[in-house]
Amino acid sequence: MKQFEYYKPLSLKEAWELKKKIPGSLFIAGGTDVLVGIKNNEIHPPALISLRSIPGLNSIDTGEVTRIGALASISDIIQNPELREDFPVLVEAAKSLGSVQIRNVATIGGNLCNCSPCADMALPLLVMEAKVRLQTAKEKREIPIDEFFKGPGESCLASHEILTDILLEPPPKNTKAVFMKKGRVKMDLAVASVAVRLDMEGNKCLKACIAAGSVAPVPLRLSKVETVLEGATLTQKHTVKAQRLAEDNVIPITDIRSTEEYRRKMTGVLVKRAVERALEWSQA
Amino acid sequence: MEPGMKIEISFILNGSEVKVSVHSHHRLIDVLREQLGQTGTKEGCGEGECGACTVIIDGLAVNSCLYPALEVEGKSVTTIEGLQGPKNELSVIQQAFVEQGAIQCGFCTPGMIMSAKALLDSTSDPSEEDIRDALLGNLCRCTGYVQIVEAVKKAAAQLKGKQ
């Protein structure tokens, strides 16, 4: 392993001071992506600044607004009883991320900041219209999560900025949300993944949020597909149209894990199945 | 901190406190194998894919190849060496692996057993799906997984009987 310094600040203030002092240093959460990047000579930070020892950054508070600390591990999310009750779609996505060993260490904030187009945690947060809180020593801002991702490995974070919290408003009672992921085997990164949220009143869809992963430079909201469903009394005609529009509105690439054509088709299939399942749940 | 400087950490390893000086870029697996002589823990891929390096930290299975050594300060680590009894007898899980023939070359076995232990420490009556999920991050390139899953089932039944 290439040499680097490793710091464990006990406060955000200390973390920002270290970042300022050491040019090229990186903040690190669980490290399951960063350490692999170092091993594979993809990144060469002179120092890592671990955020793991900063009190409160890994806590989950479920009040009027749910706050998930960015350092909460994926396993913390799966095991949290309130999140299981209020945001099952987030828990489903968490269960699909990596192996037990990875989930015990990887964090929700790390998964977002790594900015992979296939980030599992991004999709449920996109459809639940979460906000993220970003902080520097001087300012704090909250932005909608769909403004966070800028490209593969790129976020809107300034170099000294830390993602500290994920904020979720309580969904309406008639909200049903589904996460689906297609990989070669269960532990794989997604070939295609989809989250669908429907706010229903009887058979009528009041609001639809649909997001797709691994099919664009960033995890993507599919607003054109949403428009087809919103305001409609949903029938098979709508789900088929949603499937076709989903295929037309993603911009996947061919790479080592899949082809552009297969990703496009699978996104359509997953959107159709997820809408059908959300409908089934809303009628149950 | 100067580059190359060593820092002393202390943690519980298999029930006993250890103190060891580590480089800041060292991973837990480096410290276990190179400094503490605990070579039961294997390094396969070094990227968190194969699970050969699995150890248990504070009750949770983790990849020791992706765990910075400095993060283990104050924590409790269990490796495969910590499973044997006071007279070097095999643990229930280890014995079940032997009896079910869940071993071929043996390289993945310590990681498999540590993942199985983390599961059985928290779940007394796991389903086959629970077992397969718990072992998803452990790759075996020799035997396939049937005997391994059967071994974990057998160990689960035996451990449940002991309660």
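The values are calculated or read from the model by the stated rules, or taken from the named source; none is laboratory data. None of the values given here were measured: they were computed from a predicted structure. Quick reminder, even Gly has a Cβ in these numbers, built from the backbone with ideal geometry, and neighbours come from all protein chains shown.
Considering region B:134-163, and only residues there that are surrounded by fewer than 18 Cβ atoms within 10 Å (Cβ to Cβ), of a type in the set (D, E, K, R) and assigned to a helix (DSSP H, G or I), the residue that is nearest to the other protein chains (Cβ to nearest Cβ) turns out to be B:LYS153. Can you find a residue that is surrounded by fewer than 20 Cβ atoms within 10 Å (Cβ to Cβ), in contact (Cβ under 8 Å) with a residue 12 or more places away in the chain and under 17 Å from A:MET187 (Cα atoms) anywhere in region B:111-128? There is at least one residue in region B:111-128 that is surrounded by fewer than 20 Cβ atoms within 10 Å (Cβ to Cβ), in contact (Cβ under 8 Å) with a residue 12 or more places away in the chain and under 17 Å from A:MET187 (Cα atoms).
Within region B:32-59, being within 18 Å of B:MET114 (Cα to Cα) and of a type in the set (A, V, I, L, M) holds for B:LEU32, B:ALA52, B:VAL55, B:ILE56, B:ILE57. Of the residues making up region A:80-130, those that are free of Cβ contacts under 8 Å to residues at least 12 places away in the same chain and surrounded by fewer than 24 Cβ atoms within 10 Å (Cβ to Cβ) number 3. If you go through region B:45-61 and keep only what is in contact (Cβ under 8 Å) with a residue 24 or more places away in the chain and within 7 Å of chain A (Cβ to nearest Cβ), you end up with B:GLY48, B:GLY51, B:THR54, B:LEU60, B:ALA61. One residue stands out among those in region A:156-176 that are touching an Asp or Glu at 6+ places or on another chain (Cβ under 9 Å) and part of a strand (DSSP E or B): the one that is surrounded by the most Cβ atoms within 10 Å (Cβ to Cβ), which is A:ASP165. Pairing residues of region B:25-39 that are away from every other protein chain (no Cβ under 13 Å) with residues that are in a helix (DSSP H, G or I), at Cβ distances under 7 Å and at least 6 apart in sequence or on separate chains, gives B:LEU32/B:SER64; B:GLN38/B:LEU32; B:GLN38/B:GLU81; B:THR39/B:ARG33. Do we find a residue being over 30 Å from B:GLY51 (Cα atoms), away from chain B (no Cβ under 14 Å), over 17 Å from the mean Cα position of the chain (by Cα) and hydroxyl-bearing (Ser, Thr, Tyr) anywhere in region A:241-258? For region A:241-258, residues over 30 Å from B:GLY51 (Cα atoms), away from chain B (no Cβ under 14 Å), over 17 Å from the mean Cα position of the chain (by Cα) and hydroxyl-bearing (Ser, Thr, Tyr): absent.
A quick yes/no check of all residues on (1) among the polar types (S, T, N, Q); (2) surrounded by fewer than 20 Cβ atoms within 10 Å (Cβ to Cβ); (3) over 15 Å from the mean Cα position of the chain (by Cα):
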position: A:LEU48; (1), (2), (3): no, no, yes
position: A:LEU51; (1), (2), (3): no, no, yes
position: A:ILE54; (1), (2), (3): no, no, yes
position: A:LEU57; (1), (2), (3): no, no, yes
position: A:ILE60; (1), (2), (3): no, yes, yes
position: A:GLU64; (1), (2), (3): no, yes, yes
position: A:ILE68; (1), (2), (3): no, no, no
position: A:SER73; (1), (2), (3): yes, no, no
position: A:ILE77; (1), (2), (3): no, no, no
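Note on region A:175-203: residues that are over 15 Å from the mean Cα position of the chain (by Cα) and at pLDDT 95 or above total 5. The residues of region A:78-104 that are outside any helix (DSSP H, G or I) and within 14 Å of chain B (Cβ to nearest Cβ), listed by number, are A:SER96, A:LEU97, A:GLY98, A:SER99, A:ASN104.
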